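First up is the structure itself, then whatever we jot down about it.
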Amino acid sequence: MSRGCLFLALLFIISPCQAERVVIAAEDAWTPYANADGTGMANDIITAAFAAVDVSVDYHIYPYARVLHYLDTGAYVAGFNVPIDAISKEKYLLGSTPLYKAYSAYYHNTQRALKITNRAQFNGELVGVVRGYGYGDQFLALVAEHKVVAAYANSDLPNMRRLMLGRLDSALIFIKSANYLRRTQGISDNIQVAFINEGTDIFLAFSPHHPDGERLQKLFEQGLKKIIENGARDAILARY
């Protein structure tokens with residue numbers, strides 16, 4: 001081997017490999033899961049999972065409905081936080097491993113308390129939800145059967161405030177989000193859990209319309225399983 005060829009071979013061996021970089025659409029207003037500044041529990045999990053397979057991540061921040069639009073058009077390879085339900089399973093590449101499980105509950109104003117004790121007893125009540133959010137197949141069924149009337153807002157905070165004012169019968173909110181809003185936004189102590197809805201698996205959804213969607217989904221799932229096995233994901237969950 002000539003000296004020139006040997007030099008090139010050694011240069012290739014000792015040069016650090018440049019990590020792949022992926023840009024993901026992140027929602028902006030689901031505290032503490034995802035925040036407007038690009039931080040949050042889900043962001044931390046995704047960053048750690050991709051790092052485990054030598055991929056770095058940049059986040060572009062949008063309202064959740066816009067995130068879904070970009071997934072539908074393939075403008076971004078992936079976006080979050082997408083709950084698993086019949087619609088998301090059909091539209092996106094989710095894989096088999098969720099980022100985490102988020103528990104939601106039906107909240108009410110104890111000054112105008114619900115007279116029911118579980119979701120099967122709904123009979124036309126007005127329930128506040130966030131536009132574009134998924135709450136599981138059971139909620140979709142309640143809406144389809146006209147057992148609840150969905151009242152949409154752009155985030156959980158307006159729904160909690162409408163509940164305080166008596167403009168909703170209930171609001172369906174993920175418990176971590178409700179706890180954060182109660183601590184930071186002056187929500188009345190009258191706003192309490194009426195009953196639990198369910199735990200919903202939340203995913204980083206990949207777009208089937210993006211050329212790298214399938215490849216990166218498989219790579220991400222490898223990384224996610226690694227941080228589950230080594231305890232890194234549990235450490236992140238414990239911080240929130």
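Could we say that A102 is under 16 Å from the mean Cα position of the chain (by Cα), part of a helix (DSSP H, G or I) and among the small types (G, A, S) here?
On the way: under 16 Å from the mean Cα position of the chain (by Cα): yes; part of a helix (DSSP H, G or I): no; among the small types (G, A, S): yes.
So A102 does not fit the description; no.
With the structure loaded, tell me whether K226 is open to solvent by 70 Å² or more (accessible area, probe 1.4 Å) and under 13 Å from L94 (Cα atoms) or whether it fails that test. Before the answer, list the steps.
On the way: open to solvent by 70 Å² or more (accessible area, probe 1.4 Å): yes; under 13 Å from L94 (Cα atoms): no.
No.
Step by step: first the residues of region 70-80, then only those that are open to solvent by 30 Å² or more (accessible area, probe 1.4 Å) and assigned to a helix (DSSP H, G or I), then the one that is nearest to E90 (Cα to Cα). Which residue is that?
Within region 70-80, the match that is nearest to E90 (Cα to Cα) is D72.
Tell me, yes or no, whether region 203-213 has at least one residue that is in contact (Cβ under 8 Å) with a residue 24 or more places away in the chain, assigned to a helix (DSSP H, G or I) and more than 21 Å from Y133 (Cα to Cα).
Within region 203-213, one or more residues are in contact (Cβ under 8 Å) with a residue 24 or more places away in the chain, assigned to a helix (DSSP H, G or I) and more than 21 Å from Y133 (Cα to Cα).
Considering only residues that are assigned to a loop (DSSP other than H, G, I, E, B) and at pLDDT below 95, which ones fall in region 143-186?
First pass over region 143-186, keeping only residues assigned to a loop (DSSP other than H, G, I, E, B): 145-147, 154-155, 165-169, 185-186.
Across region 143-186, the qualifying residues are N154, S155, Q185, G186.
Those residues that are without any contact (Cβ under 8 Å) to a residue 40 or more places away in the chain and under 17 Å from the mean Cα position of the chain (by Cα), I need them from region 214-237; list them, please.
The answer is D234, and nothing else.
If V149 meets every condition in (1) surrounded by 15 or more Cβ atoms within 10 Å (Cβ to Cβ); (2) over 20 Å from the mean Cα position of the chain (by Cα) apart from one, which number is that one?
The single condition V149 does not satisfy is (1).
Can you give me the number of residues within region 188-218 that are within 21 Å of V67 (Cα to Cα), of a type outside the set (D, E) and open to solvent by 40 Å² or more (accessible area, probe 1.4 Å)? Before the answer, list the steps.
Residues of region 188-218 within 21 Å of V67 (Cα to Cα): 200-218.
Checking which are of a type outside the set (D, E) leaves us with 200, 202-211, 213, 215-218.
Checking the rest, the ones that are also open to solvent by 40 Å² or more (accessible area, probe 1.4 Å) come to 208-211, 215, 218.
Number of matching residues: 6.
Would you point out the residue of region 120-141, among those that are open to solvent by 60 Å² or more (accessible area, probe 1.4 Å) and assigned to a helix (DSSP H, G or I), that is modelled with the lowest pLDDT?
Checking each candidate, the answer is D137.
Do we find that S177 is open to solvent by less than 20 Å² (accessible area, probe 1.4 Å) and either under 21 Å from S155 (Cβ atoms) or out of contact with any strand residue (DSSP E or B) (no Cβ under 8 Å at 6 or more places or on another chain) (or both) in this structure? Even if it seems obvious, please write down each step before you answer.
Details: open to solvent by less than 20 Å² (accessible area, probe 1.4 Å): yes; either under 21 Å from S155 (Cβ atoms) or out of contact with any strand residue (DSSP E or B) (no Cβ under 8 Å at 6 or more places or on another chain) (or both): yes.
Yes; evaluated as a whole, the condition is true for this residue.
Which numbered condition trips up R119, out of (1) in contact with a strand residue (DSSP E or B) (Cβ under 6 Å, 6 or more places away or on another chain); (2) in contact (Cβ under 8 Å) with a residue 60 or more places away in the chain; (3) farther than 27 Å from I46 by Cβ; (4) not hydrophobic (A, V, I, L, M, F, W, C)?
Result: R119 fails condition (1) only.
Quick grid of which residues meet (1) open to solvent by 60 Å² or more (accessible area, probe 1.4 Å); (2) among the aromatic types (F, W, Y); (3) under 22 Å from I175 (Cα atoms):
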{"site": "H60", "(1), (2), (3)": "yes, no, no"}
{"site": "L68", "(1), (2), (3)": "no, no, no"}
{"site": "T97", "(1), (2), (3)": "no, no, yes"}
{"site": "V143", "(1), (2), (3)": "no, no, yes"}
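The values are calculated or read from the model by the stated rules, or taken from the named source; none is laboratory data. This is a predicted model, so every value here is computed, not measured. We place every Cβ from the backbone using ideal geometry, glycine too, and count neighbours over all the protein chains shown. All accessible areas refer to the heavy atoms of the entire protein, side chains included, with ligands and DNA or RNA removed. Shrake-Rupley method; radii C 1.70, N 1.55, O 1.52, S 1.80 Å.
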